[in-house]
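The values are calculated or read from the model by the stated rules, or taken from the named source; none is laboratory data. Since the structure is predicted, the reported quantities are computational estimates derived from the model, not experimental observations. With ideal geometry, Cβ positions are generated from the backbone for all residues, glycine too; neighbour counts draw on all protein chains shown. These accessible areas exclude ligands, DNA and RNA; they are computed on the full protein's heavy atoms, side chains included. Shrake-Rupley method; radii C 1.70, N 1.55, O 1.52, S 1.80 Å.
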Amino acid sequence: MSKQFDVVVIGGGPGGYIAAIRAAQLGFQVACIDEWKNAAGGPAPGGTCTNVGCIPSKALLQSSEHFEHANHHFAEHGISAKDVKMDVAKMLARKDTVVKQNNDGILYLLKKNKVTFFHGRGSFASKAEGGYEIKVAGKTEESITGKNIIIATGSNARALPGTPFDEVNVLSNDGALRVGAVPKKLVLIGSGVIGLEMGSVWRRLGAEVTILEGLPTFLGAVDEQIAKEAKKAFDKQGLKIELGVKVGEIVNGKKGVTVNYTNAKGEAVVLDADKLIISIGRVPNTIGLNTEAVGLQLDERGAVVVDADCKTNLPGVWAVGDVVRGPMLAHKAEEEGVAVAERIAGQHGHVNFNTIPWVIYTSPEIAWVGRTEQQLKADGVAYKAGSFPFLANGRARALGDTTGMVKMLADATTDEILGVHIVGPQASELIAEAVVAMEFRASAEDIARICHAHPSLSESTKEAALAVDKRSLNF
Ligand code: FAD
Ligand code: NAI
């Protein structure tokens, strides 16, 4: 007889492993199946996020930022650093160590919470009495059954039609994190989150970077004023971003890649590159799940169809994270994982989609929560706006990083905060205060009246809140 579990989670990324841990905390017998392999063929749970996403990209962003600081900013602090060199192999090895620490940490957490981990591919075999039979194909093959199944199989990089990833010249996010030497010329297609983060890494290390974007607007989902400020900073750094292009033929040759495209003026351009990174979004991953065996409903993009509670069309089958609708973010996947585990336990798990923060870890960082000014206008909401530039913040001056601002949008009548948008130093950390405030439905005045430590970047958030009422103290 196959092993029986209350909950079987397929996928051990942030959606899956967190769901497994929460379900175990709630007293269920839980299995988590993940197929990711490390270089030695062993288990490497943590999914895209840990292996080829959030964590390794932030490791490289950190290394490359140190390099940029040593080269360009130490001098203003009176530190002379001559002949600063980057050992790319060492940088990549450090990144791999950081990834491994996270893989090991997750394995430890699963064990600590008594989650049974299976290394292999999980797929639906059939409906079984009181649940579903799941086949696990790893080193050996076995069958387990679960009363409840949580699908958390994530997403894969979207390829450009006709240009498959070879991870040598044409790179997905995976290859982009493993380039062994700084390319002289790097082209990226798509100036979204990955394009900007990975473009920044390799530009800081000395590559000549061009990002080709199909849309005529830069970062269309970001508040326009913030996106404009960020674009100014990227231009100044020499990150070349071409908007409104139409990518044509791409030739992947022995020496590199040739990209043909039409620019916004309608001119034909030919661009040679040593490496090409394609960062045009991601597709939900249900490959190998054998959804047909049980009749699981997928949409036209291949995403698992779920309702607001992450329930699929099958009783007892749930899906979370990148494989379902909504933003493809690790923390969104985690929140859904927790909520589903709690719903299985009969509790009222909840994910507030209005307060999911976004962060782009470039320099300056870009972070936001809630609605943008353009969305509020489109929704016909009367609002007040207040902003505060880091240029007027003492801590930012001391840091030597005064780019950008904090901008707050509040309801014109109730003063409730509707959105906070930041471009500048440590925006990724600063946004947390805004998320808490919005989750508690705070008014701009609430933030304005809270004591913020001096000198700190967070005073800019307080000042932006004061500016909503047109009473900034330091600007
Ligand atoms: P995944 O992390 O993709 O995990 C799915 C797991 O399921 C994988 O381990 C996969 O091997 C496994 N799997 C799939 N099918 C099966 C099967 N049939 N059987 C067994 N196992 C299976 N998000 C952020 O919030 N912040 C960031 O800074 C950030 N940076 C990113 C940088 C890059 C370069 C990329 C590509 C993504 C980044 N993301 C970031 C997005 C984030 O990685 C995803 O939103 C997140 O990983 C989604 O989690 P998930 O659990 O849904 O899926
Ligand atoms: P993205 O959706 O952020 O950006 C894709 C960009 O490519 C868009 O600007 C789009 O207009 C453009 N594009 C699409 N097709 C094109 C074409 N044919 N030619 C030219 N441009 C084209 O997707 P990206 O950067 O691939 O990242 C995928 C997802 O991973 C993100 O949406 C995000 O959810 C997640 N991620 C999150 C990070 C974070 O939170 N810091 C970091 C990296 C990724």
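Quick notes on this structure:
- In the stretch 193-208, the qualifying residues are those that are within 16 Å of ligand 1 (Cβ to nearest atom) and either assigned to a loop (DSSP other than H, G, I, E, B) or β-branched (Val, Ile, Thr) (or both), and the one that is surrounded by the most Cβ atoms within 10 Å (Cβ to Cβ) is VAL201.
- Among the residues of the stretch 211-233, those identified as within 12 Å of ligand 2 (Cβ to nearest atom) and open to solvent by less than 60 Å² (accessible area, probe 1.4 Å) are ILE211, LEU212, GLU213, GLY214, PHE218, LEU219, GLY220, VAL222, ALA227.
- Looking across the stretch 190-231, the residues that are within 26 Å of ASN260 (Cβ to Cβ) and touching a Pro at 6+ places or on another chain (Cβ under 8 Å) come down to TRP202, ALA207.
- The lone exception for LYS90 - which of (1) open to solvent by 70 Å² or more (accessible area, probe 1.4 Å); (2) basic (Lys, Arg); (3) closer than 23 Å to GLN237 by Cα it fails: (3)
- The criterion of at least 1 residues that are farther than 30 Å from GLU68 by Cα is met, among helices (runs of 4 or more DSSP H) falling completely within the stretch 350-460, by 373-378, 427-439, 444-449.
- Total residues in the stretch 175-192, condition under 21 Å from the mean Cα position of the chain (by Cα) and open to solvent by 50 Å² or more (accessible area, probe 1.4 Å): 1
- Test: residue in the stretch 60-76 that is within 16 Å of ligand 2 (Cβ to nearest atom), open to solvent by 40 Å² or more (accessible area, probe 1.4 Å) and either among the hydrophobic types (A, V, I, L, M, F, W, C) or outside any helix (DSSP H, G or I) (or both): no
- Taking the stretch 299-329 as the range and being within 16 Å of ligand 2 (Cβ to nearest atom), outside any helix (DSSP H, G or I) and farther than 22 Å from HIS348 by Cβ as the test, the residues that pass are ARG301, GLY302, ALA303, PRO327, MET328, LEU329.
- Taking (1) surrounded by 21 or more Cβ atoms within 10 Å (Cβ to Cβ); (2) within 9 Å of ligand 2 (Cβ to nearest atom); (3) under 22 Å from ASN252 (Cβ atoms) in turn, ARG158 satisfies each apart from (1).
- The set of residues from the stretch 110-129 being open to solvent by less than 60 Å² (accessible area, probe 1.4 Å) and either within 24 Å of the chain's Cα centre (by Cα) or of a type outside the set (Ser, Thr, Tyr) (or both) comprises LEU110, ASN113, VAL115, PHE117, PHE118, HIS119, GLY120, GLY122, PHE124, ALA125, ALA128.
- LEU409 being open to solvent by less than 20 Å² (accessible area, probe 1.4 Å) and not assigned by TED's automatic domain parsing to the domain that holds ALA70: yes
- Top-ranked residue in the stretch 249-267 [being small (Gly, Ala, Ser) and open to solvent by 40 Å² or more (accessible area, probe 1.4 Å); ranked as nearest to ligand 1 (Cβ to nearest atom)]: ALA264
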